[in-house]
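Heads up: the structure comes next, in structure tokens.
The values are calculated or read from the model by the stated rules, or taken from the named source; none is laboratory data. From a predicted model like this one, the values you see are computed outputs, not experimental measurements. Cβ: placed from backbone, ideal geometry, glycine included. Neighbour counts: every protein chain shown. Heads up: the accessible areas ignore ligands, DNA and RNA and are worked out on the full protein's heavy atoms, side chains in. Shrake-Rupley method; radii C 1.70, N 1.55, O 1.52, S 1.80 Å.
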Amino acid sequence: MTTAVQSYRVTPARVLRSEWHKLWTLRSTWINLSATGVLTLGMGVGISAAYDGTGEGGLDTVVFVLLGTQFATINLAVLGILATAGEYSTGQIRATMTAVPRRLPVLWSKAAVLAAVTFALCLWTNLLTFPLAQAFLSDTDQSAALGDPGVLRGLVGNAAALTLLAVMALGLGAVTRSIPIATGVYIGLVMILPEVLRMLPYAVVDDAIQYFPAQALQSATAAQSGPGAASPAAALLALALWAAASLTAAAATLRRRDV
């Protein structure tokens, strides 16, 4: 009897494995990940092939090659939102929380699985995109090698930053429990709010905007920090705090609300 009970005991490893299988059985996972890789690679190579050496003065080389990750900020965010809010829309969350009554291990497992998958995809895509794009940039001002100062750090930093944005979106999905609302909040926070704040005539606001998600992503991606931009380490720390705040709010919501 004891052995039978232990065989069905809920453990962190089993919750993690359950969320791993759950993520990969969703068609949306394959669509989002495929679209992210294809768009990043295709846009990076396409822009580089069409570049004639003019019109992009001052743009960091790694940022230039990885312009396609602008799509990834949306694709991966949607994937994170679907991982949490998607279960509420289908009602599957009831079965999940019945199987794991403590609830919070589900949230941590979802975040861990999403982070692992997202980081691996983004890093692999970046490391493939950069040398392919550089094949077309050898005689331009955007020419760079993987071993140049800051380049590899920028490629890894971009993958880490996109991962943190996806985790932040996952938290928003758990808080709102609605795919449209979570998507709207994410887009508003990442794309709209910084532009609105820029209209305020205060220097402190301009300084603060550098640590908002989209601006921190660019700072983490750049091989060389531009004037007035956050350092790569500070940008990643800011994104980690955004993700942590989102997960903290999600944890509080999960503990206090009924499923």
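Please count how many residues of the stretch 45-72 are of a type in the set (Gly, Ala, Ser) and within 18 Å of the chain's Cα centre (by Cα).
Within the stretch 45-72, the first condition is being of a type in the set (Gly, Ala, Ser), and the residues that meet it are 46, 48-50, 53, 55, 57-58, 68, 72.
If we keep only those that are within 18 Å of the chain's Cα centre (by Cα) as well, we get 68, 72.
Going through the stretch 45-72 one residue at a time, the tally reaches 2.
Can residue 155 be described as open to solvent by less than 50 Å² (accessible area, probe 1.4 Å), under 30 Å from residue 97 (Cβ atoms) and modelled with pLDDT of 95 or more?
On the way: open to solvent by less than 50 Å² (accessible area, probe 1.4 Å): yes; under 30 Å from residue 97 (Cβ atoms): no; modelled with pLDDT of 95 or more: yes.
No, not satisfied.
Write out, first by first residue and then by second, each pair whose Cβ atoms fall under 8 Å of each other, whose residues are 6+ apart or on separate chains, and whose first residue, in the stretch 185-201, is modelled with pLDDT under 90 while the second is open to solvent by 60 Å² or more (accessible area, probe 1.4 Å).
Every condition considered, the pairs that remain are 198/206.
Of all residues in the stretch 128-153 being over 25 Å from the mean Cα position of the chain (by Cα) and charged (D, E, K, R), which is farthest from residue 225 (Cα to Cα)?
139
Criterion first (more than 17 Å from residue 223 (Cα to Cα), hydrophobic (A, V, I, L, M, F, W, C) and assigned to a helix (DSSP H, G or I)) does residue 136 satisfy it?
Values: more than 17 Å from residue 223 (Cα to Cα): yes; hydrophobic (A, V, I, L, M, F, W, C): yes; assigned to a helix (DSSP H, G or I): no.
Here the answer is no, as residue 136 does not meet what is asked.
Listed here are the residues, each with its yes/no results for (1) among the β-branched types (Val, Ile, Thr); (2) modelled with pLDDT of 90 or more; (3) open to solvent by 70 Å² or more (accessible area, probe 1.4 Å).
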| residue | (1), (2), (3) |
| --- | --- |
| 106 | yes, yes, no |
| 110 | no, yes, no |
| 113 | yes, yes, no |
| 118 | yes, yes, no |
| 123 | no, yes, no |
| 126 | no, yes, no |
| 133 | no, yes, no |
| 139 | no, no, yes |
| 151 | yes, yes, no |
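For the stretch 210-259, what are the residues that are outside any loop (DSSP other than H, G, I, E, B), more than 22 Å from residue 64 (Cβ to Cβ) and either in contact with a His (Cβ under 7 Å, 6 or more places away or on another chain) or not small (Gly, Ala, Ser) (or both)?
Residues satisfying the conditions are 237, 241, 242, 247, 248, 253, 254, 255, 256.
Could you grab the pairs with beta carbons closer than 6 Å, sequence gap of 6+ or different chains, first residue in the stretch 24-46 and assigned to a helix (DSSP H, G or I), second one of a type outside the set (A, V, I, L, M) and surrounded by fewer than 17 Cβ atoms within 10 Å (Cβ to Cβ)?
39/71
When only residues in the stretch 81-100 that are farther than 22 Å from residue 180 by Cβ and in contact (Cβ under 8 Å) with a residue 40 or more places away in the chain count, which is surrounded by the fewest Cβ atoms within 10 Å (Cβ to Cβ)?
Step one: list which residues in the stretch 81-100 are farther than 22 Å from residue 180 by Cβ, which gives 95, 97-100.
Keeping just the survivors that are in contact (Cβ under 8 Å) with a residue 40 or more places away in the chain gives 97, 99-100.
Working: 97: 16, 99: 13, 100: 18.
By that ranking, first place goes to 99.
For the stretch 158-189: of the residues being more than 15 Å from residue 250 (Cβ to Cβ) and polar (S, T, N, Q), which is surrounded by the fewest Cβ atoms within 10 Å (Cβ to Cβ)?
Only one residue fits best here, namely 183.
For the structure I just gave you, tell me whether residue 146 is open to solvent by 20 Å² or more (accessible area, probe 1.4 Å) and touching a residue at least 24 places away in the same chain (Cβ under 8 Å).
Values: open to solvent by 20 Å² or more (accessible area, probe 1.4 Å): yes; touching a residue at least 24 places away in the same chain (Cβ under 8 Å): no.
Considered against the rule, which asks whether it is open to solvent by 20 Å² or more (accessible area, probe 1.4 Å) and touching a residue at least 24 places away in the same chain (Cβ under 8 Å), residue 146 comes out as no.
In the stretch 190-220, what residues are open to solvent by 50 Å² or more (accessible area, probe 1.4 Å) and touching a Lys or Arg at 6+ places or on another chain (Cβ under 9 Å)?
Within the stretch 190-220, the first condition is being open to solvent by 50 Å² or more (accessible area, probe 1.4 Å), and the residues that meet it are 191-193, 195-196, 198-204, 206-207, 211, 218.
Residue satisfying the conditions is 206 alone.
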